[in-house]
Amino acid sequence: MSGGINLIDTYGELVRESLGRLFGLNDPASLEVVLEHSEWKELRAGEILFHQGEKNTDLYVLLSGRLHALIQKAGGKREVLGEITRGETVGEMALLTGEPRSASIAAVRDSLLLKISNESFQVLVKKFPDVVFNITRVVIQRLRKVNVHEKVAYKVVNMCLVPGSPGIDMEGFARRFHQSLSQHGNCLLLSSTIVGENLRQKGITKALASQGSAEQKIAVWLDKMEAVNDFLIYLVDEEKTTWTEKCLRQADEILFVCDSRRGLSHPTAKLLLNEKNGSVAVGKTLVVLHDSTKALPSDTSKLLEGNDFKFHHHIRSENQEDLDRLARFLSGNPLGLVLSGGGAKGLAHIGVYQALAEAGIAPDLVGGTSIGSVIAGLIAIGTNPEDLKSMARDYFLNNPTPVTDLNMLPFIALMKGRKMDKLLQQVFGTTGIEDCWLNFYCVSTNLTHSVPVIHRSGSLARAVRCSISLPGIFPPVLERGCVHVDGGIFNNLPIDVMYSLGVKKIAAVDLEVQSEELLAIEKLPNIWEVLINRLGSSKSRIKIPSLMSTIMQSCTVASDVQARRFRPVVGLYFNPDVSQIGLMEWKRFDEIVEIGYRHALEVLDKWEGF
């Protein structure tokens, strides 16, 4: 790409800024000396800059494109450790220590780098001794990023739209998506026609394969567009042309847009999904278009099967909210709502959800544990706050509730669980987690292997049933020979799961009682003393831990520690005071919902935003 193009004119400002930050040199004369000892390096999408274990101690500055740091795992599988974006440096550690590369570096898309060899660096050190100290500082800052609070959110810059089904109006979809994405920064829509018009050379994209000058001209112009825009949307041609190939090599994320009725049947989509690239994994997102009258999607699992999609999104025609949600995901701004377990206390989630809706705050992903998984599931299938409240009242208050089918001989659990099973089937039916309008997860505990399980696929009703099976209260669920019980044992407030999905804006409703109040008794009473205590007036009644609260707190004590560890990443934290609510006091429905609602209003009134 460098032939015939003055790269300093094109990338000079970025080069000087990056080198100045790395070496601590700010005067132009010193930076010119550094440039004299540098050279250009080009990588095509999928190419490797260097391999893990390689004794390569050169330093690189990424000027355009994107790189992934990959590590080889047992069995030959590669794991992405992180990414390097425009203006960042690669190789400082090996340059200082001389040790072999700890990871492989691969180009996600076409990339241009500035290379400073180890030999050139030694020359520069003699001229500018302080550069060693400055690079050491840069390395230390990078190592600190392993801290949980500095994790990079899921965000892309270059997005490539690929038709997944024949007959889709891709230009119309691209324009509507561009409108939504523009809410999060400067955004430019690119097609072969638009590029030709801007470069005043109609059909220039057709010359990509045969003319090096066309490749250079387009590449430099695209780099300039990336420098002045936050996002670029690449729209491929209907067929796999040279422009289509260029779009794919520029992409940070490929969006396959398909019709729910036709599936992934477009020849271009089928060809791309069948291609295997062992060096680097470009992000892939599935976008499924639906008729606006669709109640719930169906059979989404068939579209996802065998395809490594990072996320999938359901978009209803003429529904701008769905497109806005997709834009928030791709721009790194999705809002994740996490709901904790807590029995009847969890009805407070309904009040919080209502307050959020009134404030115009809509979650893009939802996740939860135990009762939190029930409410999160209802939100995920598109239930609005009023309907959710009405449904929950009917389920837990008006009808014979799912917590009234006591076992006469409780060999396995106090409850039979049949009413709960019937209720979940009534609410969620055969809906799969993949068929929810919002991305959803819930957590259960695999007792057989003593590990937490994150449910992101399969039957929604079954996953929720696993998550709410409090040991001793509800019968466990058998899945593939393993015993599943309440997720609260490992993770009662699964903030970490949401965070691991790359979500940086998190709202969480924590039902853990934040109290250090001590019991005003020296020893636990016997059965008669408990009975007398309960028959007495409320003022004289002594606080005694109940069977349910003891079981619940014993089950979740370890997960409460986990939740406190991740609490600092929560930007909107709710902790309604439900300390006086019993785990089985469903009859206090309206009171509990109101507690959640009032508390949420107070929090939102003081909240300053993410």
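Here are a few things to note about the model shown:
- Scan of region 228-247 for residues that are crowded, with 21+ Cβ neighbours inside 10 Å, at pLDDT below 95 and under 25 Å from the mean Cα position of the chain (by Cα), ordered by number: Cys247
- Residue count for region 59-76 under the criterion of being in contact with a Ser or Thr (Cβ under 8 Å, 6 or more places away or on another chain), surrounded by fewer than 20 Cβ atoms within 10 Å (Cβ to Cβ) and either more than 17 Å from Ala45 (Cα to Cα) or among the charged types (D, E, K, R) (or both): the result is 2.
- Filter pass, Arg175 being farther than 23 Å from Ser64 by Cβ, at pLDDT 90 or above, of a type in the set (Lys, Arg) and out of contact with any Gly (no Cβ under 6 Å at 6 or more places or on another chain): yes
- Residue list for region 169-198, filter: assigned to a loop (DSSP other than H, G, I, E, B), within 30 Å of Tyr499 (Cα to Cα) and open to solvent by 50 Å² or more (accessible area, probe 1.4 Å): Asn186
- If you check Glu17, Glu79, Glu83 for being open to solvent by 20 Å² or more (accessible area, probe 1.4 Å) and either at pLDDT 85 or above or assigned to a helix (DSSP H, G or I) (or both), only one passes: Glu17.
- For Gly306, the requirement of being in a loop (DSSP other than H, G, I, E, B), at pLDDT below 95 and open to solvent by 10 Å² or more (accessible area, probe 1.4 Å) is met.
- Residue match in region 43-63 (condition: in a loop (DSSP other than H, G, I, E, B), of a type in the set (Val, Ile, Thr) and within 24 Å of Val156 (Cα to Cα)): no
- Region 287-331, residues that are under 23 Å from Leu460 (Cα atoms) and acidic (Asp, Glu): Asp291, Asp299, Glu305, Asp308, Asp322
- Taking the listed residues Ser390, Ser373, the one that is open to solvent by 20 Å² or more (accessible area, probe 1.4 Å), among the small types (Gly, Ala, Ser) and in a helix (DSSP H, G or I) is Ser390, with no other qualifying.
- No other residue among Leu414, Leu347, Leu356 is modelled with pLDDT of 95 or more and in contact with a strand residue (DSSP E or B) (Cβ under 8 Å, 6 or more places away or on another chain) apart from Leu356.
- Residue list for region 269-286, filter: modelled with pLDDT under 90 and touching a strand residue (DSSP E or B) at 6+ places or on another chain (Cβ under 8 Å): Leu272, Leu273, Gly278, Ser279, Val280, Ala281, Val282, Gly283
- Failed item, numbered, when Gly341 is tested on (1) closer than 18 Å to Leu424 by Cβ; (2) open to solvent by less than 10 Å² (accessible area, probe 1.4 Å); (3) modelled with pLDDT of 95 or more: (3)
- Residue satisfying all of: in region 443-468; part of a strand (DSSP E or B) and under 19 Å from Leu304 (Cα atoms); least open to solvent (accessible area, probe 1.4 Å) among these: His455
- Residue in region 161-168 that is open to solvent by less than 30 Å² (accessible area, probe 1.4 Å) and in a helix (DSSP H, G or I) present: no
- Some residue of region 378-389 being of a type in the set (S, T, N, Q) and either closer than 30 Å to Phe309 by Cβ or at pLDDT 95 or above (or both): yes
- Condition check for Ala362: open to solvent by 20 Å² or more (accessible area, probe 1.4 Å) and not in a helix (DSSP H, G or I): yes
- Single residue of region 469-479 satisfying the filter (open to solvent by 10 Å² or more (accessible area, probe 1.4 Å) and aliphatic (A, V, I, L, M)) that is farthest from Gly377 (Cα to Cα): Leu478
The values are calculated or read from the model by the stated rules, or taken from the named source; none is laboratory data. A quick note: this is a predicted structure, and the numbers were derived from the prediction, not measured. Neighbour counts run over all protein chains shown; Cβ positions are idealised from the backbone, glycine included. Ligands, DNA and RNA are stripped out before the accessible areas are found, and what is left, the full protein with its side chains, is counted by its heavy atoms. Shrake-Rupley method; radii C 1.70, N 1.55, O 1.52, S 1.80 Å.
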